[in-house]
Amino acid sequence: MTTIAIVGAGRGLGVAAARKFGAEGFDIALISRSQEHVDALAGDLASEGLSARGYAASVRDTTTLASALNQASQEMGPIEVLQYSPIPQREFLRPVLDTTVADLAAAVEFSLYGSVTAVNQVLPGMRTLGRGTVLFVNGGSGARPNAQVAGTSIAFAGEGAYAIMLHDVLASENVHVGQLIIPGAITPGHPTNDPAVIADTLWGMHIRRDTFRVFTEALDI
């Protein structure tokens, strides 16, 4: 088996996805802003018998993100699955009339520049393997714009457009691209939005490869 890189790894969905893919035989590259944080996550996973390493990078710093993914592939082997799921920062969650150009610039760096950098970094390895999966994870504003969270609504729309274009052009190369929409909060114990349940959904998207956009629960759009 090869490697899954989880960009935006945290103790909720990041760890749950790591456990799910790790149990299926994947090595796990955990990427987040703090080396101490990802080292702690990797240590916890290693104590469960999983192969995991942490790499520090900010999705808003394309140089560090590309470097982290390159190092992960050099140390752990080609990245077969990329999960792009960083948690939006508070500055992206302002009402539309309070949102400034600077707020949008930060949101676009987060959702678009980061995702494009990550995909461009891992795609050569997927092509070498002859297979791959890219999983974008967004909140409900990725499918239904919400004037109370303008930054994510605008930037997620761009990320979704990028993702669907990738889905269309990479299918012939056996690289599947999907977008998971999570309406509401990720909540332990929730029937659809529990981290482990969402991780199972992500695994199903990787295995089935039969649709682009998946919702954890119904959302009127």
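Residues are listed down the side, and each one gets a yes or a no for (1) surrounded by 18 or more Cβ atoms within 10 Å (Cβ to Cβ); (2) closer than 23 Å to LEU129 by Cβ; (3) of a type in the set (A, V, I, L, M, F, W, C):
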site	(1), (2), (3)
ARG11	no, no, no
VAL15	yes, no, yes
ALA18	yes, yes, yes
GLY22	yes, yes, no
ALA29	yes, yes, yes
SER34	no, no, no
VAL38	yes, no, yes
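Please specify each residue of region 140-167 satisfying the condition of being part of a helix (DSSP H, G or I) and over 19 Å from the mean Cα position of the chain (by Cα).
Listed by number, the list holds a single entry, ALA150.
Which of the residues that make up region 195-214 are in contact (Cβ under 8 Å) with a residue 24 or more places away in the chain and either under 25 Å from GLY22 (Cβ atoms) or of a type in the set (Ser, Thr, Tyr) (or both)?
Listed by number, the residues that qualify are PRO195, ALA196, ILE198, ALA199, ASP200, LEU202, TRP203, MET205, HIS206, ARG209, THR211, VAL214.
Just to confirm my filter: which helices (runs of 4 or more DSSP H) fall fully inside region 35-116 and include at least 2 residues that are under 18 Å from ASN138 (Cβ atoms) and within 16 Å of the chain's Cα centre (by Cα)?
Answer list for region 35-116: 101-108.
The numbers here are math on the coordinates, done by the rules we state, and not lab data. Keep in mind it's a predicted model, so treat the numbers as computed, not measured. Counting neighbours? That spans all protein chains shown, and the Cβs are built from the backbone with ideal geometry, glycine included.
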